[in-house]
1. Hey, any hits in region 435-448 for a residue that's under 30 Å from residue 368 (Cβ atoms) and either touching a helix residue (DSSP H, G or I) at 6+ places or on another chain (Cβ under 7 Å) or at pLDDT 95 or above (or both)?
2. Among the residues in region 72-84, are any surrounded by fewer than 20 Cβ atoms within 10 Å (Cβ to Cβ) and either within 19 Å of residue 249 (Cβ to Cβ) or not assigned by TED's automatic domain parsing to the domain that holds residue 221 (or both)?
3. Six or more apart or on different chains, Cβ atoms under 6 Å: show the pairs whose first residue is in region 412-441 and over 12 Å from residue 471 (Cβ atoms) and whose second is in a helix (DSSP H, G or I).
4. What's the number of the condition residue 138 fails, among (1) over 30 Å from residue 268 (Cα atoms); (2) touching a helix residue (DSSP H, G or I) at 6+ places or on another chain (Cβ under 8 Å); (3) at pLDDT 95 or above?
5. When you scan region 275-341 for strands (runs of 3 or more DSSP E) that lie fully inside it, which ones turn up with 2 or more residues that are in the same structural domain as residue 239 (by TED's automatic domain parsing) and over 30 Å from residue 425 (Cβ atoms)?
6. Across region 435-472, what is the total count of residues that are surrounded by fewer than 20 Cβ atoms within 10 Å (Cβ to Cβ) and at positive phi?
7. Can you tell me which residues in region 335-355 are surrounded by fewer than 16 Cβ atoms within 10 Å (Cβ to Cβ) and either at pLDDT below 95 or touching a helix residue (DSSP H, G or I) at 6+ places or on another chain (Cβ under 8 Å) (or both)?
8. Go over the candidates 530, 596, 526 one by one and state the one that is touching a residue at least 12 places away in the same chain (Cβ under 8 Å), in the same structural domain as residue 42 (by TED's automatic domain parsing) and under 22 Å from the mean Cα position of the chain (by Cα).
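The values are calculated or read from the model by the stated rules, or taken from the named source; none is laboratory data. Given the structure is predicted, the values throughout are model-derived calculations rather than measurements. Every residue, glycine among them, receives a Cβ derived from its backbone with ideal geometry; neighbour counts consider all protein chains shown.
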């Protein structure tokens with residue numbers, strides 16, 4: 001992490017105190033032996049930014065405010081309440097809320113004073129208390145109090161989404177110790193992660209939710225305290241956020257230079273090609289491209305050649321997880337590892353790379369490819385081996401002795417060798433070909449349906465479906481709308497599904513929802529593969545109870561190896577950069593954050609000179 005140092009830190013802090021008049025200060029706690037009072041919480045090491053820092057290094061505090069931007073989104077939405085299950089909320093909804101403390105684009109495990117002006121905790125990390133700023137208020141002018149934070153916490157614990165609850169498992173209870181003070185009691189001891197997690201909690205206005213049910217979907221714009229409010233909603237089609245000009249936090253150092261657009265509109269499209277055409281036609285201002293063919297061939301237009309549309313490849317180390325075809329082991333045809341391995345062998349990535357991806361991607365070999373510190377590669381390190389050794393008798397020998405490599409082909413599309421090996425493995429798993437059909441001993445045919453919500457992905461999986469059909473598998477693709485897709489994946493009602501797996505680095509309690517046997521039996525979670533492995537459960541607990549950053553990273557890599565050799569997913573691809581395109585009307589800071597992928601739209605602004613240029 002980059003640090004400000006020496007005189008620079010002292011000067012920056014003094015300027016911040018002199019030039020950035022603070023809001024009314026919360027009553028600071030009295031000094032107490034064995035208790036730390038701080039402006040920032042860092043799970044590992046020290047925060048990069050000192051008390052009183054002027055602004056994030058990648059933000060421009062002189063950025064002009066104003067203007068409207070239009071962004072595109074795929075699918076639809078049916079609620080503005082992010083607490084509910086079986087619902088889809090719109091992009092940008094987080095702009096309505098402030099959290100007690102906020103992260104930044106350079107650090108993954110550090111949060112800084114925001115809604116809370118300070119945090120304090122004892123040496124054993126058994127609790128954490130936050131002091132809420134006296135000037136904090138909701139958009140209707142009502143002051144934010146500790147009761148509003150407790151209301152959010154209690155609501156999540158009682159009625160929130162299963163996956164959302166998983167982040168707060170180690171926060172036992174909350175108590176209001178004063179009107180602007182709230183304390184969270186922690187189940188663990190001597191661990192910073194639950195404290196950092198508590199810093200991410202928001203305030204939900206009790207007075208607004210009185211008489212409303214937070215467990216139900218709603219399209220009524222909710223009351224928040226953040227930099228934007230909902231201006232208009234066209235159910236499932238569009239949502240517009242407007243900047244709160246008198247936002248209570250606009251002069252805080254964590255907000256200076258951010259949130260510069262007066263309005264942000266998200267237009268929803270059910271067809272990705274139509275969405276792309278809307279961008280080229282000027283209806284949308286910015287696009288993150290996700291198709292190699294389009295990136296290579298689709299931007300050869302007069303507006304791109306003239307510079308009216310700008311394309312850029314932005315280096316990215318943003319945390320990300322696996323992307324590929326997940327197999328649901330709750331279904332009998334996927335229960336045997338040899339059958340899963342056979343299915344993996346028949347996926348011809350090299351041919352897809354050549355014909356569809358234009359050589360633009362790298363094959364995924366990890367569940368946790370970014371940041372690379374969490375990704376298994378090569379042979380196990382001594383630290384990984386030490387973690388895995390107690391489970392040797394329950395592991396496949398390859399986990400400890402081989403580097404994982406996904407199956408490879410020659411890229412010609414001819415899979416004779418792969419087909420022979422796949423049929424051998426299917427035979428060992430009890431499946432044989434009879435009358436051109438792959439069947440088990442009872443004569444039941446091997447069937448699989450690949451569930452999708454995006455028509456554009458069909459072209460990616462079609463060659464694979466054909467390879468399965470050629471060996472007698474009844475394979476098909478089904479594309480459903482966003483709501484049906486959400487319901488079916490919530491209930492694990494699928495054979496195979498294309499999953500872009502979210503990875504939150506550094507990982508913690510949410511890993512239980514992704515991988516443990518307990519989560520495999522619960523709907524609405526993230527264990528799509530239905531993994532039930534005691535070794536995986538033990539490694540997840542090692543991750544949750546980590547003793548150091550190095551131990552956490554080694555344990556995550558060890559888990560990665562066990563998952564890879566379990567062959568629950570047919571890995572697709574990734575890249576260490578992002579493709580972005582935008583109309584040439586924006587200004588942006590010269591410095592980018594490490595993890596922000598261009599930091600759009602948070603740090604950008606409309607450049608008046610570019611906006612007034614001929615042809616706009």
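1. As a first pass, look at region 435-448 and keep what is under 30 Å from residue 368 (Cβ atoms): 448.
From what's left, either touching a helix residue (DSSP H, G or I) at 6+ places or on another chain (Cβ under 7 Å) or at pLDDT 95 or above (or both): 448.
Within region 435-448, one or more residues are under 30 Å from residue 368 (Cβ atoms) and either touching a helix residue (DSSP H, G or I) at 6+ places or on another chain (Cβ under 7 Å) or at pLDDT 95 or above (or both).
2. no
3. Note: pairs meeting the criteria are 413/351; 428/338; 429/338; 429/339.
4. Result: residue 138 fails condition (1) only.
5. On the way: elements: 286-289, 309-315, 323-327.
Passing ranges, in order: 286-289, 309-315.
6. Adding up the residues that qualify gives 3.
7. Passing the criteria: 354, 355.
8. Values: 530 fails: in the same structural domain as residue 42 (by TED's automatic domain parsing); 526 fails: in the same structural domain as residue 42 (by TED's automatic domain parsing).
Going through 530, 596, 526 in turn, the sole match is 596.
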